[in-house]
Amino acid sequence: MRKYQQLALVLLSVTCVVILLVYKSENNRLKYVLEVVNIFGRNDAASLIRIDNSTRLHSSPYDFDSPLPAWQRLGDGFYVYSSFWQKNELAAGGTVISIAVGLEHAAVNFKCQIQHGTGDVATGKLHFVRLDHPTGSIKAPNSEVFVVYKLLCKVARDFGQPTEVIYTDTAQSIKRYVPLRVLESRSVQQKMTMTACVDMTDYLELEEEFRMPSAVLQYFLHHQIVGVEDFIVYNSNALNGATASLLYSHGIKINLLPYNFPFDLADRHQNRLLIEMDCLMRNYNAAKLTYIGAINEYLYPSSRLRVNNQFLKYAWKVSSDVSRFSIASRSVCIDKRKKIFSDNLLYDVDVAMTNPTERPFQVYKPQDYNRTAGTPDFVKTLDVDRSLLFVHRYGGKCSSKTNLHDWTVSLQPDFLQYVTDVGRELNKLIFR
């Protein structure tokens, strides 16, 4: 009997030692994690968000850059940038939507087919929508006028997962293969709250202050802190490898898209229309809200863009026929002595009066916008009060302006406090 008691005691001792070793190992791992995160040393949520973004950076289900778009020639005077497959909800088949430009007086003389992963090819019926912009068409250097098109290739049967759309120029019998991005169906809970499409096609024309790596980092960090979850950058050449690595190291999720438009875009409004079309198609069923902005345009919500944000409550409340929100903006001049752009307090009142055609800043509901065919005539827009959300366009020296006002004077105290907190966090991250 005594032998069994001794054996039980030995087994109990061994078990205790093993448990102690496991506990010590797990405790050391926990201490290491806490040292890295420094969770007790900081109270800012943004640092934890960046850590979360870093861990998911290369495993995000929202691969906005796949497949990569590129301007390619379809036929004489016709070019296509990207194509999207949208399956019919209540019937077989679906539609390929291609974003294209063509000569104003050229005929859309193409046939279309849809190729599937199995190698099967289905013949489609081609339709097109010509999108005339209010400011006119795109003028190429040789004075030929180009207009924007949506090419629609429709099929009424299911053949499996489509991979490419094939356009055949009937005049020359030349086939062009364009890879397809499949618009996957997602529930509301799976969608991101807000994404940003960053137009950097005129990046080199901006003032030097906005082209510095620290300024580029500041733009993305600012919008990450206020709640933007993912970024699609148009014109990947604008960010060199070092700048892109800097953004990745801060946990910023960016998708770099080439934008090799084959002609000189004298009309920036028309160029923005092309980017808008692609942006809203990429965000269809991926984000509840998105916007198209330049690197010098900063979005300021009254609080972080999450459940309790007042603008989001307003956006969810309006009917589904409202697919676009117009955001009030100010032209804020730059004092080079300020470290970050949000520290600049003076805006030019005269800009709105001297430049009434200045492009408005708009936030979109991608799914509802595309349901209206994405044409301006069918889009319902609501103006958003400055107390919920506003935009600052930074640029120009304050010393050259005369009619300047302090934008903080009209801001509610809690809104101003949030803007101050965001600026404080930016200072910590950029100048630590």
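The values are calculated or read from the model by the stated rules, or taken from the named source; none is laboratory data. As the structure is a prediction and not an experimental result, all values here were calculated from the model. No Cβ is skipped: glycine too gets one built from the backbone with ideal geometry, and neighbour counts run over all protein chains shown. The protein model used for the area step is the full one, side chains on, heavy atoms only, and it has no ligands, DNA or RNA in it. Shrake-Rupley method; radii C 1.70, N 1.55, O 1.52, S 1.80 Å.
The table that follows gives values for the structure above.
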read-out: Count of residues meeting criterion [in a strand (DSSP E or B) and either open to solvent by 10 Å² or more (accessible area, probe 1.4 Å) or not polar (S, T, N, Q) (or both)] in segment 270-301; value: 11
read-out: Enumeration of residues in segment 219-248 that are open to solvent by 10 Å² or more (accessible area, probe 1.4 Å) and touching a residue at least 60 places away in the same chain (Cβ under 8 Å); value: ILE225, TYR248
read-out: Options LYS175, LYS191; residue that is under 26 Å from VAL307 (Cα atoms) and modelled with pLDDT under 95; value: LYS191
read-out: ARG50 modelled with pLDDT under 55, loosely packed, with under 15 Cβ neighbours inside 10 Å, within 30 Å of ASN427 (Cα to Cα) and out of contact with any Ser or Thr (no Cβ under 8 Å at 6 or more places or on another chain); value: no
read-out: Unique match (being of a type outside the set (A, V, I, L, M), in a strand (DSSP E or B) and open to solvent by 30 Å² or more (accessible area, probe 1.4 Å)) among ARG304, ARG330, ARG324, ARG337; value: ARG324
read-out: Residue that is farthest from the chain's Cα centre (by Cα) [pool: residues in segment 143-162 that are surrounded by 15 or more Cβ atoms within 10 Å (Cβ to Cβ) and of a type in the set (Lys, Arg)]; value: LYS154
read-out: Every residue from segment 96-113 that is assigned to a strand (DSSP E or B) and in contact (Cβ under 8 Å) with a residue 60 or more places away in the chain; value: VAL96, ILE97, SER98, ILE99, VAL101, PHE110
read-out: Yes/no for MET212 being open to solvent by less than 10 Å² (accessible area, probe 1.4 Å) and not basic (Lys, Arg); value: no
read-out: Near pairs, Cβ below 8 angstrom, 6+ apart or cross-chain, from segment 163-182 (surrounded by 20 or more Cβ atoms within 10 Å (Cβ to Cβ)) to any residue that is assigned to a loop (DSSP other than H, G, I, E, B); value: LEU180/PRO67; ARG181/SER66; ARG181/PRO67
